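K.L.:
Below you'll find the structure I mean.
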Amino acid sequence: MSGSTDQIAGAVFRALTQRGHDEVQRAVVDAYAEADEVSDRAGLSRTMFAELLDALDRHLDSEQQVDVLTAAVRGLVDRFATVVDAAPVAICVVDGDGVVQLWNPAAERTFDRDRSSMIGRSFATVWADDEGTITLAECLGRLRDGEAIVGAEATLRRPDGSLLDAQVWAAPLDEDRIDGATFLVHDVTERRARRQRLAVLNRVLRHNIRNEVNVAAGHLDRLATRVPDDDPSLRIVRERLDTIVELGETARRIERIADDDRTDTATFDLVDVLTDRIGRLRREAPAASVSVTLPDRAPAVGHEFLPDAFGNVLENAVEHNDADRPHVAVELVPPGTDGDRVSVRIADDGPGLPPVERRVLRTAEETQLTHSTGLGLWLTNWIVRASSGRIDVASDDAGTTVVIELPTP
């Protein structure tokens with residue numbers, strides 16, 4: 001069975017159980033057993049619902065039938081009302097003219113308008129005419145044209161005149177004719193304001209850091225003419241300046257990953273991604289030994305910055321390895337016959353990842369007692385999560401193994 005037919009049938013069965021009409025239930029179950037081989041699920045649903053109504057007619061008199069069906073409808077309404085009242089997002093039902101017919105408790109909290117003040121009033125009362133966002137009239141018009149409203153941006157208004165940013169979902173009450181609609185409204189005002197503040201702060205900091213580093217690098221070049229070329233202080237200062245610039249670029253990537261409105265995922269061939277990142281590692285760390293086990297092809301779906309996640313893990317495997325010739329083993333395992341995920345295993349023979357860094361990869365929680373030394377591992381964790389993937393870490397004195405699992409197309 002499927003869809004609303006299932007829900008109605010379930011409600012009728014519950015009503016039959018409550019009233020002790022076992023003979024009706026047995027008749028329907030017997031009919032279901034005979035029709036069990038029907039391959040069309042929707043057809044089976046309709047057939048069984050017809051059998052249920054037929055069984056009601058054969059085994060119950062008219063008064064009993066009305067009693068059972070009334071109880072079933074009452075049960076469905078009660079369940080629906082419970083879900084609507086408990087929903088954490090605003091749920092509003094309007095008629096074909098946009099007049100409010102239902103206003104749940106979350107709507108009262110979101111719009112700061114109680115139910116009694118909104119039932120019978122136009123839903124347009126809470127909509128603000130803000131350029132670039134959808135209006136109520138546009139929503140109803142698109143629904144009449146058969147177009148779904150999915151996460152549309154809207155600007156709404158509270159009684160005190162303050163505005164709230166929202167995402168709106170809407171669907172018609174009846175698929176055959178638009179004589180009303182259900183709206184789900186999610187308040188994203190604080191989330192967008194927080195993201196905007198972070199974005200501005202991020203850009204200002206990156207701009208200032210870049211300018212300050214350029215000034216420092218210029219003075220460093222002047223000082224370099226007065227000291228020997230092999231002076232270790234010059235190398236250390238240049239490395240530190242490069243690290244500061246790199247931190248700024250990492251912050252830019254984190255800002256984009258943290259943007260909830262972005263859905264920048266793509267399909268990658270992980271063989272190409274890993275081949276490229278391993279090539280970079282060999283050029284930048286020629287003393288390292290890298291063994292690779294790759295199939296011919298391994299497509300996976302991930303965030304646009306997915307290559308950076310693998311780059312960070314590979315660099316970390318060599319950078320914190322105190323061996324004269326660090327060894328890194330990379331193995332890409334395609335999904336099994338019934339699997340839908342591909343996994344990449346990166347193992348090193350270093351001293352082991354400190355517990356603090358392991359917790360960053362596993363939980364991405366930063367506290368005063370758990371403080372990671374850089375942004376690279378944070379970035380890796382967030383990229384993998386934004387890719388709907390999973391990351392696991394095993395580390396001891398013999399080295400560290402990081403396994404990243406990703407969905408396939």
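K.L.:
Checking A86 against (1) of a type outside the set (K, R); (2) touching a Lys or Arg at 6+ places or on another chain (Cβ under 8 Å); (3) without any contact (Cβ under 8 Å) to a residue 40 or more places away in the chain, only one condition comes out false. Which one?
P.N.:
(2)
K.L.:
Going by the conditions given, is M1 modelled with pLDDT under 75, over 24 Å from L143 (Cβ atoms) and part of a loop (DSSP other than H, G, I, E, B)?
P.N.:
Details: modelled with pLDDT under 75: yes; over 24 Å from L143 (Cβ atoms): yes; part of a loop (DSSP other than H, G, I, E, B): yes.
The answer is yes for M1.
K.L.:
Looking only at the range 177-211, count how many residues are modelled with pLDDT under 80 and part of a helix (DSSP H, G or I).
P.N.:
Taking the range 177-211 and keeping what is modelled with pLDDT under 80, we get 177-179, 190-211.
Among the residues that remain, those that are also part of a helix (DSSP H, G or I) are: 190-211.
Count: 22.
Residues checked against (1) modelled with pLDDT of 75 or more; (2) open to solvent by 80 Å² or more (accessible area, probe 1.4 Å):
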| residue | (1), (2) |
| --- | --- |
| V28 | no, no |
| A31 | no, no |
| V38 | no, no |
| G43 | no, no |
| R46 | no, yes |
| A55 | yes, no |
| R58 | yes, yes |
| D67 | yes, no |
| T70 | yes, no |
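K.L.:
Go through the range 104-118 and give me each residue that's touching a Phe, Trp or Tyr at 6+ places or on another chain (Cβ under 6 Å) and either open to solvent by 40 Å² or more (accessible area, probe 1.4 Å) or over 23 Å from D85 (Cα atoms) (or both). Don't jump to the end; show me each part of the working.
P.N.:
Taking the range 104-118 first, the residues touching a Phe, Trp or Tyr at 6+ places or on another chain (Cβ under 6 Å) are 115, 118.
Hit for the range 104-118 is R115, nothing else.
K.L.:
Out of the residues in the range 368-397 that are at pLDDT below 70 and small (G, A, S), state the one that is surrounded by the most Cβ atoms within 10 Å (Cβ to Cβ). Walk me through how you get there before you give the answer.
P.N.:
Going residue by residue through the range 368-397, those that are at pLDDT below 70 are 368-376.
Okay, now just the ones that are also small (G, A, S), so 372, 374, 376.
Working: S372: 17, G374: 16, G376: 22.
Applying the filter and picking the extreme gives G376.
K.L.:
Return the only residue of E405, E315, E365 being open to solvent by 60 Å² or more (accessible area, probe 1.4 Å) and modelled with pLDDT of 85 or more. Give the steps one after another, and end with the answer.
P.N.:
On the way: E405 fails: open to solvent by 60 Å² or more (accessible area, probe 1.4 Å); E365 fails: modelled with pLDDT of 85 or more.
Exactly one of E405, E315, E365 is open to solvent by 60 Å² or more (accessible area, probe 1.4 Å) and modelled with pLDDT of 85 or more, namely E315.
K.L.:
Give the range 143-164 a look and list any residue that's touching a residue at least 24 places away in the same chain (Cβ under 8 Å) and open to solvent by 50 Å² or more (accessible area, probe 1.4 Å), or say none.
P.N.:
Those that are touching a residue at least 24 places away in the same chain (Cβ under 8 Å) and open to solvent by 50 Å² or more (accessible area, probe 1.4 Å): R144, R157, R158, P159, D160, L163.
K.L.:
Count, please, the residues in the range 273-314 that happen to be of a type in the set (D, E), assigned to a loop (DSSP other than H, G, I, E, B) and in contact with an Asp or Glu (Cβ under 9 Å, 6 or more places away or on another chain).
P.N.:
Of all residues in the range 273-314, those of a type in the set (D, E) come to 276, 284, 296, 304, 308.
Checking the rest, the ones that are also assigned to a loop (DSSP other than H, G, I, E, B) come to 296, 304.
Those left that are additionally in contact with an Asp or Glu (Cβ under 9 Å, 6 or more places away or on another chain): 304.
Matching residues across the range 273-314 total 1.
The values are calculated or read from the model by the stated rules, or taken from the named source; none is laboratory data. For clarity, every value in this text was computed on a predicted model and none was experimentally measured. All Cβ positions, glycine included, derive from the backbone under ideal geometry; neighbour counts span all protein chains shown. Heavy atoms of the whole protein, side chains included, go into the accessibility calculation; ligands, DNA and RNA do not. Shrake-Rupley method; radii C 1.70, N 1.55, O 1.52, S 1.80 Å.
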